[in-house]
Amino acid sequence: MDERSRLEAERLDKENVMTEIKTYGPKNLPLEEHFAPGHRACQGCAEVLALRLALKALGKDTVVANATGCMEIVSTPLPTTSWVVPYIHVGFENAAAVCSGVEAGLKALMRKARLPKKLIHCVAVAGDGGTADIGMQALSGALERGHDMVYICLDNEAYMNTGIQRSSSTPYGAMTTTSPPGRLSFGQSTQKKNVAEIAAAHGIPYVATACPSYPWDLMKKVQKAALVEGPAYVHILSVCPTGWRSQPEESIELGKLAVASRVFPLYEVEDGRYKFVPKPPKQVPVVEYLKKQGRFRHLTDNMIEEIQRNVDEQFRRLEAKVRISLEAPQEPQE
Amino acid sequence: MGKRVGMEVSIALAEAACQADVDVVAAYPITPQTHIVEHLSELVADGHLDAEFVPVESEHSAMSVCIGSSAAGARTFTSTSSQGLALMNEVVYIASSLRLPIVMVVSNRSLSAPLSIWNDHSDVMSVRDTGWIQVFAENGQEAYDHVFWAFRVGEDRRVLMPVMLHIDGFILSHMVEALEMVDKELVKKYLPAFQPIHRLHPDNPVTMGAFALPELYTEAKKAQDEALKASWPLILQGWEEWAQLTGRRYSPVETYRTEDAEAVLVTMGSMGETASEAADRMRARGEKVGVVKIRLWRPFPFEQVRKALGGARVAVVFDRCVSFGGPGGPVASEIRAALYGEAVRPKVVNFIGGLAGRDVSPQDFQNMVEEAVSRKEDRQEAYRIYGVRG
């Protein structure tokens, strides 16, 4: 165990945060809250749930740099804050850059003995707009520079905070206020941008996809991301009843369907090697996922078939990557 | 007594940042700022400066990284020019609103289009209202000295403001000048370690950058305006103590031969020396001409400007930027505002020139003074772009 992992293990132990999550059970959740109740998120918001779980996994020695967006707006109306951990919000497009600045600052101060040495997780949190669109450049820059930080994208697949406008992360066919279905349109005309793959293309040590419908998996992945040295990227699908026109009480179910339908597969990319984590559940047809959401209500059977074909094709590609990763030697051989 | 050296001003600025023991430098390449950060990266690479050098992918990220590192409590330095400053504009506002004492050297350059790398003050005026303390250096020595001053004033807990140090691109940045460097002991005496009131650290969690509803936004902005104005005595004190240690004395407004001057040239930046030369030549012919140099651009030295110009019959304000369709020269507009309430005030004549590195000679300043004296019109919109063809 290297110095960093030892420090982290000690800290987790001390704070009664789980070191290894084996069994699901609310009693196993760390009790400490780092994102306090009283925020203004919508009913059934899975994004704020993902954030809460991620922070439980990270623990109190965390600094968050948040992009403008839902999580920022629901949590920090002056003079109140929901953030128990140190927090900074600067702009929409620069959470990755601000986070890398915090990391650089703390690193320099600790090296120069102006601050006592301590493992502090520097974490950038942004939505899909702040990641896939306006924040893409800052994200790529920070990943390429190799800062020791975690970037969490809370993807609810549109600009929900400004009133459900499409982003490059909005799925094909979805209705948003700027991709409305009409006589000449069927909704979003482009395929969802795959930011996890873009992050992986930077050759960073850890990339994962997660969903709060799989809370333990999400927490484990966030912990893993925090523990690797260097940049890590976690892309979290976050069901948004307001924007998806779904029932608030079905958010968890919908997240499970996103995974089971293979619309949003859960996997890890560790040092370039792909792995399904957890094992993909039994496949359900995409229509089961789509029909629960008002944003897809206008789709014809033909379009749903087209989406199914594309989902299958994308999943096959991912499977191929997982397969190749299994074949690849784990360690350089003599 | 410090060491006297001949040094390119950009290198001297990097050396000053190194002597100030900055913790983080984040910058993106842009002409004519490049030599400053190139030299800083060398100082880090050679182990002379223990700092994180963050080679960002844009100026927007440069300032964003600076905000993050300053919020973590690290002494933070950056430098930019022109388009780079324009690109980071959004976050330049946020740095001051979050009260983070970042020091940024702006190697002043024109703004596109047409694209030009040469010096004027168009970029400065794009950040005029960003809430930073802003100061102009007239020569290499001033530029070097003001790096220490900027950290000292900005980081003072009674100030906590970012500071922009303007130097004329190429004219100053790439000039080799004779200057006196200060020694380690002096820096230690003058510049204490940065002790922020709040920093991003788990030991004492704070929320920075919250949003305000209409009920609070106005109060936040009033507080910011008052805080910037309240930096005034600390700005003066910073200069006073520097004078005691080095013998080099600075003030918000500097005057040259203005005692009995009837016509006064008003400049900002390196043109002050050219204007002084023009004043000398005109004085030699018996004409009563002086120069007022605005060193402190924000907070604006209203009282000092009134005092410096009060006795003159004509103030010839030389601007290096165009405020299109408006007052023409931004500096002249400020001077006019400062003088407006006075019972007796000079006629203000505004020339705009030296755009994108166009040379302005002492003779040009003499021509401007002569034209200004004979000019009947005293309205701001009568500004003239000097030396333009067609």
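Considering segment B:1-116, the qualifying strands (runs of 3 or more DSSP E), each wholly inside and each with 2 or more residues that are of a type in the set (A, V, I, L, M), within 26 Å of residue A:95 (Cα to Cα) and facing chain A (nearest Cβ under 9 Å), run over B:24-27.
The condition (being under 19 Å from residue A:188 (Cα atoms) and either among the hydrophobic types (A, V, I, L, M, F, W, C) or surrounded by 20 or more Cβ atoms within 10 Å (Cβ to Cβ) (or both)) is satisfied by just one residue among A:239, A:234, A:259, A:269: A:239.
Residues of segment A:78-100 that are at the interface with chain B (Cβ under 7 Å from one of its Cβ atoms), surrounded by fewer than 23 Cβ atoms within 10 Å (Cβ to Cβ) and touching a helix residue (DSSP H, G or I) at 6+ places or on another chain (Cβ under 7 Å): A:78, A:85. On the stretch given as segment A:101-156, residues that are more than 7 Å from every other protein chain (Cβ to nearest Cβ), buried (at least 23 other Cβ atoms within 10 Å of the Cβ) and of a type in the set (Val, Ile, Thr) total 5. Consider segment A:49-68 and keep the residues that are in a loop (DSSP other than H, G, I, E, B) and within 16 Å of residue B:94 (Cβ to Cβ). The one that is farthest from the other protein chains (Cβ to nearest Cβ) is A:67. Restrict the check to segment B:331-342 and report whether at least one residue is assigned by TED's automatic domain parsing to the domain that holds residue B:291, free of Cβ contacts under 8 Å to residues at least 60 places away in the same chain and within 14 Å of residue B:263 (Cα to Cα). Checked segment B:331-342: no residue is assigned by TED's automatic domain parsing to the domain that holds residue B:291, free of Cβ contacts under 8 Å to residues at least 60 places away in the same chain and within 14 Å of residue B:263 (Cα to Cα).
From the list B:291, B:360, B:317, the one residue that fits, being under 20 Å from residue B:168 (Cα atoms), touching a residue at least 60 places away in the same chain (Cβ under 8 Å) and either buried (at least 19 other Cβ atoms within 10 Å of the Cβ) or in contact with a Ser or Thr (Cβ under 9 Å, 6 or more places away or on another chain) (or both), is B:360. Under the condition of being more than 17 Å from the chain's Cα centre (by Cα) and in contact (Cβ under 8 Å) with a residue 60 or more places away in the chain, the residues counted in segment A:32-48 number 3.
Condition check: at pLDDT 95 or above, out of contact with any His (no Cβ under 9 Å at 6 or more places or on another chain), buried (at least 23 other Cβ atoms within 10 Å of the Cβ) and hydroxyl-bearing (Ser, Thr, Tyr). Does residue B:267 satisfy that? Yes; evaluated as a whole, the condition is true for this residue. For the structure I just gave you, tell me whether residue B:303 is in the same structural domain as residue B:158 (by TED's automatic domain parsing) and assigned to a helix (DSSP H, G or I). No, not satisfied. Can you confirm whether residue B:158 is among the basic types (Lys, Arg), within 14 Å of chain A (Cβ to nearest Cβ) and over 30 Å from residue B:266 (Cβ atoms)? Answer is no for this residue.
Can you pull out every residue in segment A:90-116 that is of a type outside the set (A, V, I, L, M, F, W, C) and assigned to a helix (DSSP H, G or I)? Of everything in segment A:90-116, those that are of a type outside the set (A, V, I, L, M, F, W, C) and assigned to a helix (DSSP H, G or I) turn out to be A:100, A:101, A:103, A:105, A:107, A:111. Of everything listed in (1) outside any loop (DSSP other than H, G, I, E, B); (2) over 15 Å from the mean Cα position of the chain (by Cα), the single unmet condition for residue B:123 is (2).
Among the criteria (1) touching a residue at least 24 places away in the same chain (Cβ under 8 Å); (2) surrounded by fewer than 23 Cβ atoms within 10 Å (Cβ to Cβ), the one residue B:247 does not fulfil is (1). When B:215, B:240 are checked against the criterion of being modelled with pLDDT of 95 or more and under 30 Å from residue B:19 (Cα atoms), B:240 stands alone in meeting it. Residues in segment B:209-244 that are surrounded by fewer than 17 Cβ atoms within 10 Å (Cβ to Cβ) and more than 30 Å from residue A:75 (Cα to Cα): B:229, B:230, B:232, B:233, B:236, B:237, B:240, B:241, B:243, B:244.
The values are calculated or read from the model by the stated rules, or taken from the named source; none is laboratory data. Since the structure is predicted, the reported quantities are computational estimates derived from the model, not experimental observations. Glycine gets a Cβ as well: all are built from the backbone with ideal geometry, and neighbour counts include every protein chain shown.
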